[in-house]
Each structure stands twice: as C-alpha cells, then as structure tokens.
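Note sheet for the following structure.
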Amino acid sequence: MILRRLTTAVRKQDWFTVAVETLIVVFGVFIGLQVNNWNAARGDRADELSFLERLHPDIVRVEDSSARVRDRRIAVIDDLRSATEVIFGVAARDQLTQAECMALATSHYYNINVLSLPSVVELENSGRISIIRDAALRTALVEYEQRVDTFTIRQNDQSLSNNLLMLNPQLVKVTPVFDAELGEMQTLPECDLAAMREDQAFLNAVAENLDAYDAYLRDGLLPWDAQLKEVHRLVDRALGITHESAP
Ligand SMILES: [Zn+2]
C-alpha cells in the first residue's frame, strides 16, 4: 500500500508526499526494532532471575558438601605448625598433643570436594553469561570457576608432600577406630617424639610438609573458599535473601 503510494508520488514528482511516506516507513521499522529489543530484554530479565534462583541452591549444596572436611583441613595447619615447633625444639615441650600427632599423620591429605556450580557452567557454555546485569557477580562467577581449576590442580599435585606414616612407620603409628559421633572410620595416631628428633629424613619431610600444606591452604583452599562466600553474598544480595547467620 505504502509502496504503491510512494511510487505514484515519485512519478508525480510530489516530493512532499515522498518525504512523508518515507518517514512513515523509517518510523515503522524503528518501532519494530524497538519492540524486538524490548521483548529480548524482557526475556533476558526472566532468564536472569531463573538462573539466580537455580544458582543459590547450587551454592548451598557445594558449601554443605565440603563444610566438614574444609574446617578440618583449615584446622590442621595450626597443629602442624606447633607440632613442627615442638619437634624442632623451638617450643620447649617433651610431648606432642593428640591433635598435633594427628596433624602430622594427615599432613599429606589434600582431598576435598571441590565442585563447580552446574548452573554457571551451563550458562557459560551457552555463551549467555552477559544476561547477569551485576558486573561484580559476573566477574565473581568467572573467577570462582578459575579458582576451582587452580585448587583442583593443587590438590592433585602431591609432589611436595610426604606421607609421614610410610616414611618411617615406627615414628607415627596409627590404629583404626570407629568414631560413633561422626559415624565414620578414623585413625588414632601415636607419635614417638624422641625418635622423631633423631631422624633427619623425617625432620626434613616434616619441614617440607608444613611448607607444602601452607601453600595448599594459601593458594588453593582459602582463595576457593573465599570466592565461594563472595559469590554467595552477591547472589543473596541480588535475590534479597538473608540468612540467620552469615553464609
Ligand atoms: Zn544464600
């Protein structure tokens, strides 16, 4: 219709009508594009909300599945440090505590359940990470996945840690016991401090383990844990969720 009127106007050299009809066409196209954009934006908002609503339980699941082992791994460093001080004679004591002995026995244990957030991986794979409007959250999510990778590599790298139980079995002896409270098998270690101080290979291995464990926490576990908390905080903020205690 418009095209026919336009053609007739051109033929008649009616430039005023040509201008008006052209403007109508341009304006129509413009409105059409705007409606399209508006619909796409509305779709993105709905997708963003559904993504955040799936992400929150993902985060809680990762936190819950790793909480107990994470706390145990973090607690080991203090006992490992004080055990090393006692063994090397920096702290004047002639006995190791049970916790210090346990820290020596488990100082090569690095494994922990480090999980990716499935909803984030899915969003990244579909190339739609930009639907998240909060730039801080977008960055935090990308960084979280990077820290999972770094931590996984560090966990699998046992090259700097020594299994003290196997190095000299006479120095740290373990007995398996069932912990009814935790509902799991545990090992009860027994340490021979005087003999440890005489064994230079063992002393070297202890020093190496303390160094390696410190790096494992500093470069792997703690940054991953902090990033998980930061992601949780930003998602809580976006969804207006408050927890009774801080996540
Ligand atoms: Zn939360």
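Here the spin labels are modelled as points 7 Å beyond Cα on the Cα-Cβ line, and at Thr187 and Asn204 they lie 2.2 nm apart. Neighbour counts of C-beta atoms inside 10 Å place His108, His232 in the sequence His108, His232, starting with the fewest. By the gyration tensor of its Cα atoms, with a ≥ b ≥ c the square roots of the eigenvalues, what is the shape of region 141-187: rounded for a/c under 1.5, prolate for a/b over b/c, or oblate? The shape class here is oblate.
Most exposed first by the Cβ proxy, i.e. fewest other Cβ within 10 Å, how do Tyr144, Tyr216, Tyr109 rank?
Values: Tyr144 21, Tyr216 25, Tyr109 16.
The order, fewest Cβ neighbours first, is Tyr109, Tyr144, Tyr216.
Take the chain, drop everything but the C-alpha atoms, weight them equally and run the Debye formula without solvent; then report log10 I(q)/I(0) at 0.08 Å⁻¹ to two decimals. Log10 I(q)/I(0), no solvent term: -0.51. As a proxy for reagent exposure, Leu239, Leu23, Leu228, Leu193 were ordered by neighbouring Cβ count within 10 angstrom, fewest first; the result is Leu23, Leu239, Leu193, Leu228.
Rule-based calculations on the coordinates, nothing more; no lab input. Just so you know, these numbers come straight off a predicted model, no measurement behind them. With ideal geometry, Cβ positions are generated from the backbone for all residues, glycine too; neighbour counts draw on all protein chains shown.
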